[in-house]
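Values quoted throughout were computed directly from the atomic coordinates according to the rules given, and no laboratory measurement underlies them. Everything numeric here is computed off the predicted structure, so don't read it as measured data. Virtual Cβ from ideal backbone geometry, glycine too; neighbours counted across all protein chains shown.
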Amino acid sequence: MASVPVYCLCRLPYDVTRFMIECDICQDWFHGSCVGVEEDKAAEIDLYHCPNCQVTHGPSVMRKRRGGHKQTDTTAGTRDPSRPVKTGSPQFVRELRSRTFPNADEVLLKPSGAQLTVEFLEEHSFSVPVMVLRRDGLGMTLPPSSFGVSDVEHYIGADKEIDVIDVSRQCDLKMRLGDFAEYYNSPNRDKVLNVISLEFSETRLSNLVETPKIVRKLSWVENLWPEESVFERPNVQKYCLMGVKDSYTDFHIDFGGTSVWYHVLRGEKIFYLISPTPANLALFERWSSSVEPE
């Protein structure tokens, strides 16, 4: 029977809630807390060398300051064919988009907004993705299609600290929302940044957005969270995702196997869906219920 992959010096399974960094030499992944790399400092590292690889390759290489020159695979015109394409890199995104995959119509349910009811979901379960082509009948409220990143900044506040993914390194960093809006609206960007975890249910933006009625009806947090609880009610109802061209999030299962509703207000979002096998589901269930210390 296959075993759960383990990583880092601590040899623990992957945990989506913990920041990790990939070694550019051995391609293994390490928890920042285990190797002394802070999330907000990771973007300053050009080539990361793990403690094991530092013995033969020396310390990590930091990004050169403005005015310096760094030779990359692009400037050199070649890439070592024996080395895997790095997840999230421009080369990775290009190769992924150029591939041909089976038609998604075979695995999608496409009800109308009025058909998307509790009874419909009870009949079809949550075993396949659902796509509603038109918002009519969903009972959903959204800003106008002209609503943009600068409007998000206006309603939430420029000083709001947000989590941002550096796509080429697939690592997290902290940023002010105002700085991200300036980056997003700039014609010249030196990196690809992606925002996927900006929860706004306690901000003024929340007044402009209402989730579909079926989502509200099935929300455990909204309907089942006890008023008298030692745990604070979490804000997980409304998220604003913002990304530029070639933004990419590594393949994953949403935390806790959560069911998520997406609506694309502007632009395009491509979903790559992988059907789980019984063996994979068993491994995921075992990992999720593990009591091993983090």
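Looking only at the stretch 104-288, where both bridge partners belong to it, what percent of the DSSP beta bridges are antiparallel (to the nearest 5)?
Around 95 percent of the beta bridges assigned by DSSP in the stretch 104-288 are antiparallel ones.
Compute the relative contact order of the stretch 163-206 as a whole-number percentage, counting only Cα pairs closer than 8 Å that sit 6 or more residues apart in sequence.
The value is 46 percent.
Arrange Arg189, Arg169 by Cβ neighbour counts within 10 Å, fewest through most, would you?
Taking fewest neighbouring Cβ atoms as first place, the list is Arg189, Arg169.
Given the pairs Lys191/Lys245; Lys86/Lys174; Lys160/Lys245; Lys160/Lys191; Lys41/Lys86; Lys110/Lys238, which are separated by over 18 angstrom at their Cα positions?
Lys86/Lys174; Lys160/Lys245; Lys160/Lys191; Lys41/Lys86; Lys110/Lys238
Report the semi-axes of the equivalent ellipsoid for the stretch 1-65 in whole Å, largest first, where each axis is √(5λ) for an eigenvalue λ of the Cα gyration tensor. Don't jump to the answer; show the numbers that get you there.
Values: eigenvalues 100, 41, 16 Å².
Taking √(5λ) for each Cα gyration eigenvalue gives 22, 14, 9 Å.
Mind sorting Val260, Val132, Val85 by how few other Cβ atoms lie within 10 Å of their own Cβ, fewest first? Walk me through the numbers on the way to the answer.
Details: Val260 9, Val132 21, Val85 15.
Lowest count first: Val260, Val85, Val132.
Any chance you could check the Cα centroid distance between the stretch 218-248 and the stretch 273-292 for me, in angstrom?
Distance between centres, Cα-based: 23 Å.
Using the Karplus equation 6.51 cos²θ - 1.76 cosθ + 1.60 (θ = phi - 60°), what ³J(HN,Hα) coupling, rounded to whole Hz, does each residue of the stretch 130-141 give in order, writing x for Gly and Pro?
Couplings: 10, 10, 9, 6, 10, 7, 4, x, 7, x, 10, 10 Hz.
For the chain, what relative contact order do you get, as a whole percent, if you take Cα pairs closer than 8 Å and at least 6 residues apart?
16
Using a 10 Å cut-off around each Cβ, can you sort Glu153, Glu232, Glu222 from fewest to most neighbouring Cβ atoms?
Sorted ascending by nearby Cβ count, the order is Glu232, Glu222, Glu153.
Taking Cα centroids, how far is the stretch 16-66 from the stretch 140-159 in Å?
35
Using only Cα atoms, tell me the angle between helix 278-288 and the longest principal axis of the chain; keep it within 0 to 90° and round to the nearest 10.
80
Run through every distinct alpha carbon pair of the chain and return the Kirkwood hydrodynamic radius in angstroms, one decimal place. The partial results should precede the final answer.
On the way: mean 1/r = 0.0452 Å⁻¹.
For the chain, inverting the mean 1/r across all distinct Cα pairs yields 22.1 Å.
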